[in-house]
Amino acid sequence: MNKYQSTEDYLERILMLSQDNKKVRSIDLVHSMGFSKPSISNAVHKLAEKELIVIDQKGYLNLTDKGYAIASKVYERHVVLSSILEYLGVNHETAISDACKVEHDISDETFSKLKEKYLKIKGEKNV
């Protein structure tokens, strides 16, 4: 896993947790991602240094506009790619796992075409 992929994974997970819990702390990432507290703490501080998140006085993690843009792009790719794979008959767990691998490396052009064709086949505007 490259450093940028790791950054994307953390941001995506913060976004996902914030949708469920509204307020996200580092310990939520520990439980959700299965990494150690020191590893999460280190990653969170790096995200803050890059101005992708802010940590408020109560320790809550909030995506900045820049962090949100990255997280939402990766999350959309994850949802669309896993949906396509499941549509093709891949079991749910494998589809999720494979989407996580592909979402970081697929080009914008290829993703756009896959999404466009999938939505056309499904007759939907959004996944």
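The values are calculated or read from the model by the stated rules, or taken from the named source; none is laboratory data. Since we're looking at a predicted model, the values are computed, not measured. Methodologically, a virtual Cβ is constructed for each residue, glycine included, from the backbone with ideal geometry; neighbour enumeration extends over all protein chains shown. For the accessible areas, the whole protein counts, side chains as well, though only heavy atoms, and no ligand, DNA or RNA atoms are used. Shrake-Rupley method; radii C 1.70, N 1.55, O 1.52, S 1.80 Å.
Does residue 114 fit the bill of being farther than 28 Å from residue 22 by Cα, of a type in the set (A, V, I, L, M, F, W, C), without any contact (Cβ under 8 Å) to a residue 60 or more places away in the chain and open to solvent by less than 60 Å² (accessible area, probe 1.4 Å)?
No: the conditions fail for residue 114.
Can you name the condition, by its number, that residue 77 falls short on among (1) out of contact with any His (no Cβ under 9 Å at 6 or more places or on another chain); (2) crowded, with 18+ Cβ neighbours inside 10 Å; (3) not aliphatic (A, V, I, L, M)?
All conditions pass for residue 77, except number (1).
Going through segment 101-121 one residue at a time, which ones are of a type in the set (D, E, K, R), assigned to a helix (DSSP H, G or I) and within 18 Å of the chain's Cα centre (by Cα)?
Quick first cut of segment 101-121, residues of a type in the set (D, E, K, R) only: 101, 103, 105, 108-109, 113, 115-117, 120.
The next check asks that each one be assigned to a helix (DSSP H, G or I); those that pass are 101, 108-109, 113, 115-117, 120.
Result: 101, 108, 115.
Looking at residue 122, is it out of contact with any Asp or Glu (no Cβ under 7 Å at 6 or more places or on another chain), open to solvent by 50 Å² or more (accessible area, probe 1.4 Å) and over 18 Å from residue 7 (Cα atoms)?
Yes; evaluated as a whole, the condition is true for this residue.
Only residues that are out of contact with any helix residue (DSSP H, G or I) (no Cβ under 6 Å at 6 or more places or on another chain), farther than 24 Å from residue 79 by Cβ and assigned to a helix (DSSP H, G or I): list them for segment 15-38, please.
27, 38
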